[in-house]
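Nothing in this text is a laboratory measurement; each read-out follows from the coordinates by a stated rule. In this text the structure is predicted, and so the values were computed from the model without any measurement. Heads up, the Cβs are rebuilt from the backbone with ideal geometry, glycines too, and the neighbour counts pull from every protein chain shown.
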Amino acid sequence: MRISEWLKLLEEKGCVEAIKGLLEKIERSELNAYITVCKNEALKLAEDFDKGRLRGKLAGIPVAVKDNITTTGVRTTCASKILSNYVPIFDAHVVERLKAEGAIIIGKTNMDEFGMGTTTETSYFGVVKNPHDLTRVAGGSSGGSAAVIANGEAVLALGSDTGGSIRCPASFCGIYGLKPTYGLVSRYGLIPYANSLEQIGPMANCIEDLALLLEIISGKDERDSTNSGRGFVFRMEKISKIGIIKNMEAEDSIMDKFYEVMNNFDYEEIEISSLKYALSSYYVIAMSEASSNLARYDGVRYGYFSPQLSSWSDYYSRVRAEGFGEEVKRRIMLGSYALSAGYYGKYYLKALRARTLIVDDFKNAFNEFDVLVSPTMPSLPFKIGELKDPLTMYKMDVNTVPVNLAGLPALNIPVGFVKGLPVGLQIIGNYFEENKMLSFAKMIEEFS
Ligand code: GLN
């Protein structure tokens, strides 16, 4: 559902009735897309709206928030047992912005544990199902946010994208999702997985809604030292040169669909050779940062704790052994290994060097092109349980992680169906050129 459709509903029934209808829909849903539904808070705000007390650019609009973004008084779990009882005492910057514009936070969405995954199967709260086929995954890690948008269980949603976690589920669920330029949106209140890679971004059912949500969440925030201070205002821009990254690939049926769309435009093909290092350097950097970020979960200050007290090191080990899932443990171990004396130069520093090569290659490419495009995901949504070994799963991020390594903006736009399943196209822009990406997305939309 788009904002314009929701506003019509508000006019017809009023906000309380509209929100009640939405809550019933969520209750009946089989998708498992929400971890927490904010029923009472949402109804109270709906009442305020009907009495004319809720104002702003998002007044009365239900927004879903990924469960790694803090919300005062509402449990924020990162889909992990270790944070399953954590109730934050502060709002993330983006949540403050939503509230200031009168949005109704309808619930917190399911995700891969701490954002680590591509299918939302690593969640402690169970897998999210794909609205287009309940036997398949919704993508990850922001699988819940994408599924609720596709299924009309919210009008807008926030996700986070460390290596593709907005674009992958957007592609698998057939919706729009945008990962902003690094530094455009404050990460204050985003529980970190890999800080140097991740951004919070909007997910929606059309380009205008996506752009509006980005306008609201972007901008200056001194609490995040990597925040650029820049804001974003949507306007159409001229696109003169389009490049297809020919070494970003997908299975044949997706490539056919991709070229069916792209053949409506003049484009050139470009090969970015350093992309062959992207997956390995991404996983070394992401796991290294994760191993350091997740050291804070000690079962003492907040989160899951064990009643059995023992020595500090036994206690710390037990809480973490019980509180983290398998994938998170794997990454903490691999990350600690890559950062340890003797291996640091061999893995971590090398990954940083590869990252610089990728940044330079993209900079050169953007001297020539306004936007670069590729298929978002190399394959269609998998069956639940189909991806068994971690390496095969990591490989699915091949087209999305280069963007995070370079800090560039990128979005997923749905371009149709193959075998009844959604296919997404990725548009990558130069730093802070979200408007060019969105303008090209609009051109594609007009053709299809
Ligand atoms: N699938 C990638 C990973 O597991 C990306 C996840 C994300 O963007 N949070 O690291």
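Given +1 at the Cβ of Lys and Arg, -1 at the Cβ of Asp and Glu and no other charges, the dipole of region 274-361 around its Cα centre is 180 debye to the nearest 20. Given axes a ≥ b ≥ c from the Cα gyration tensor, I'd like to know whether region 350-448 is rounded (a/c under 1.5), prolate (a/b larger than b/c) or oblate. Oblate is the answer for region 350-448, as a/c is 1.5 or above yet b/c matches or exceeds a/b.
The C-alpha atoms of region 308-393 occupy a region whose extents along the principal axes are 62, 39, 19 Å, arranged from largest to smallest. For ILE413, ILE358, the sequence from fewest to most other C-beta atoms within 10 Å is ILE358, ILE413. Counting neighbouring beta carbons within 10 Å and listing from fewest to most, the residues ASP397, ASP161 come out as ASP397, ASP161.
Note down the relative contact order for the chain as a percent, whole number, built from C-alpha pairs under 8 angstrom at least six residues apart. Result for the chain is 17 percent. With neighbours defined as other Cβ atoms within 10 Å of a residue's Cβ, the residues PHE382, PHE362 order from fewest to most as PHE382, PHE362. Modelled label positions at MET236 and LEU43, each set 7 Å beyond Cα in the direction of Cβ, lie 4.4 nm from each other. Kirkwood Rh over alpha-carbon pairs of region 202-265, then Stokes-Einstein at 37 °C and 0.692 mPa s: what D in µm² s⁻¹, rounded to an integer? Translational diffusion coefficient: 215 µm²/s.
Here the chain is treated as a Stokes sphere of Kirkwood radius computed over C-alpha pairs; at 20 °C and 1.002 mPa s its diffusion coefficient rounds to 98 µm²/s. Judged by the gyration tensor of its Cα atoms, with axes a ≥ b ≥ c, region 139-195 is prolate; a/c meets the 1.5 cut and a/b is the larger of a/b and b/c. Only lysine pairs 8 or more places apart, or on different chains, with alpha-carbon atoms under 30 angstrom apart are counted in region 216-327, and they number 8.
Whole angstrom only: what separates the Cα centroid of region 210-235 from the Cα centroid of region 51-111? Spelled out, the Cα-based centre of one part sits 18 Å from the other.
With N as its number of residues, region 89-214 has a Cα radius of gyration that, divided by 2.2 N^0.38 Å, comes to 0.96. Sparsely packed loop sites in region 154-227 (the GluC sites (Glu not before Pro) outside DSSP H, G, I, E and B with at most 12 other Cβ atoms within 10 Å) comprise GLU222.
Give, in whole angstrom and from largest to smallest, the semi-axes √(5λ) of the equivalent ellipsoid of region 222-320, with λ running over the eigenvalues of the Cα gyration tensor.
47, 22, 14
In this structure, the pairs whose alpha-carbon distance is over 21 Å, taken from LYS108/LYS179; LYS129/LYS436; LYS383/LYS419; LYS13/LYS66; LYS66/LYS395, are LYS129/LYS436; LYS13/LYS66; LYS66/LYS395. For the pair region 290-310 and region 383-423, the centres of their Cα atoms are 32 angstrom apart.
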